[in-house]
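*Asks:* Below is one structure. I have some questions about it.
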Amino acid sequence: MKWFKKLFVKDYKSTDKPEVRFRYGATAGIFGLITNAVLFGLKLAVGLVGGSITIIADAVNNLSDAGSSVVTLAGFKLASRPADKEHPYGHARYEYITALVISVIILIIGVLLCKSSVEKIISPSEVTVNVYTYVVLGVAIALKIIQMLVYLDFSKSISSAALKASAMDSRNDVIATSAVLISTIVMGAAQVNIDGYMGVAVSLFIVVSSVKFMAEAANPLIGTPPPKELVDKIKDIIMSHDGVIGMHDLAVHNYGEGRYFAVVHVEVPAKVPIMITHDLVDNIEHDVERETGASITIHMDPVDTEDEELEALKARAEKVLAEMGDGLTLHDFRLVRGATHTNVLFDVTIPFDSKYKLADVTGRMQDEFDADDTVYYFVINVDRARV
């Protein structure tokens with residue numbers, strides 16, 4: 001793979017560069033187009049001569065793969081376009097659309113192949129198997145394995161959903177063509193015509209796989225959590241700066257691989273002059289973008305570190321959440337004192353898979369503080385953990 005990339009992908013190690021990313025996609029697309037076109041021609045010839053619907057179906061599947069390679073090539077070309085007035089965040093999400101289109105093409109081909117195979121079962125015809133059939137199918141399996149390895153390696157190098165979909169499609173083709181080879185061996189040795197039945201099995205496998213591909217391809221467009229490594233890196237950079245007390249509400253938005261935009265609330269001492277804190281925030285934003293490539297906007301949250309009652313109550317509230325478990329955390333803890341009672345206000349972050357609801361948190365807090373001389377009312381806002 002390293003030799004292959006050095007030969008066809010200029011500056012292949014600089015995967016953070018858009019032009020290098022495009023070269024990966026273009027190389028994969030052209031490689032897939034050529035190899036799939038060759039396989040289509042060979043299988044179609046053998047299938048027509050031998051009268052095998054299974055082999056013809058497998059040939060048509062390779063033709064669809066060639067079309068998918070064209071889509072991959074076009075997708076990477078569109079994704080490499082710079083930001084413009086209509087698309088200020090760039091065009092990198094075209095890669096996700098490409099993966100979705102490829103999945104739809106695979107689904108359509110699978111359905112059509114299933115229809116042809118059922119017709120073959122209803123009206124079977126004689127199938128001729130010869131040495132050329134075995135040779136072509138063997139070559140096809142070997143070539144598809146090479147395709148899969150190239151796509152997988154490229155997809156890992158540039159974190160590409162489109163190339164990962166292509167790799168999985170090649171894996172499916174290996175399985176499908178192996179099934180075709182087995183059926184031809186059975187028909188040649190036992191003289192039992194299972195051509196149509198094997199065609200149905202292959203086409204159903206293609207349909208099921210394509211549906212899974214569609215779900216995977218759609219996920220980034222709908223919105224998925226950012227990479228844990230990126231989130232951890234951003235957190236480490238923020239908390240490494242002197243003057244930062246804490247952070248919360250980190251949200252990372254993805255506009256395509258390598259195109260991340262983030263927002264976060266950073267807690268700082270309220271007594272520090274605003275210009276000094278502003279300088280701190282500027283430095284954090286600069287360091288995050290320099291070290292991760294993500295553009296980040298920081299909201300400054302001043303915290304009164306000299307209010308002893310507030311700090312004590314906050315520590316007790318955090319202990320309650322820790323005892324509840326499920327990864328519950330709080331932030332923006334503040335007090336509003338009145339003549340008859342004190343309002344305790346804070347945000348609680350509840351993970352999506354937590355069994356707890358707001359009422360559970362409020363009830364536990366009330367139980368903890370009911371015995372105090374001061375009357376506390378809890379005003380709690382719920383956040384959802386997005387990273």
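The values are calculated or read from the model by the stated rules, or taken from the named source; none is laboratory data. A quick note: this is a predicted structure, and the numbers were derived from the prediction, not measured. Glycine gets a Cβ as well: all are built from the backbone with ideal geometry, and neighbour counts include every protein chain shown. Note: accessible area is taken over every heavy atom of the protein model, side chains too, but ligands, DNA and RNA are not part of it. Shrake-Rupley method; radii C 1.70, N 1.55, O 1.52, S 1.80 Å.
*Asks:* Which whole-number percentage describes the relative contact order of the stretch 96-207, with Cα contacts under 8 Å and a sequence gap of 6 or more?
*Replies:* Worked out over the stretch 96-207, it gives 44 percent.
*Asks:* Taking only DSSP H segments of four or more residues, each worth -39500 (n - 2.57), what value at 222 nm results for the chain once the sum is divided by all its residues, to the nearest 500 deg cm²/dmol?
*Replies:* The helix-only estimate for the chain comes to -22000 deg cm²/dmol at 222 nm.
*Asks:* Still on this structure, I have one more. Mind checking which aspartates and glutamates have their C-alpha under 15 Å from LYS10, skipping anything on the same chain fewer than 8 residues away?
*Replies:* Within the straight-line cut-off, LYS10 pairs with GLU19.
*Asks:* Beyond 28 Å between alpha-carbons counts as too far, so tell me which of LYS6/LYS233; LYS77/LYS156; LYS6/LYS77; LYS77/LYS235; LYS77/LYS233; LYS5/LYS164 fall in that bin.
*Replies:* LYS6/LYS233; LYS77/LYS235; LYS77/LYS233
*Asks:* Only one of the values (i) 21.3; (ii) 22.2; (iii) 25.1 was calculated from this structure for Kirkwood radius over Cα pairs in Å; name its label.
*Replies:* (iii)
*Asks:* What does the charge add up to near ASP372, with Lys and Arg as +1, Asp and Glu as -1, over the other residues with Cβ less than 13 Å from its Cβ?
*Replies:* -4
*Asks:* A follow-up question, please. Over the stretch 260-387, what is the relative contact order in percent, taking alpha-carbon pairs closer than 8 angstrom and at least six residues apart?
*Replies:* 20
*Asks:* Per residue and in Å³, how big is the convex hull formed by the alpha-carbon atoms of the stretch 302-387?
*Replies:* Spelled out: Cα convex hull of the stretch 302-387, divided by residues, is 98 Å³.
*Asks:* Determine the share of the chain's accessible area contributed by carbon and sulfur atoms, expressed in whole percent, with a 1.4 angstrom probe.
*Replies:* Carbon plus sulfur share of accessible area: 61 percent.
*Asks:* Please report the relative contact order for the chain, taking Cα pairs under 8 Å with a sequence separation of at least 6, and give it as a percent rounded to a whole number.
*Replies:* Relative contact order of the chain: 13 percent.
*Asks:* Take peptides 374-384, 242-252, 137-147 and line them up by average Cβ neighbours within 10 Å, highest first, as a rough protection proxy.
*Replies:* 137-147, 242-252, 374-384
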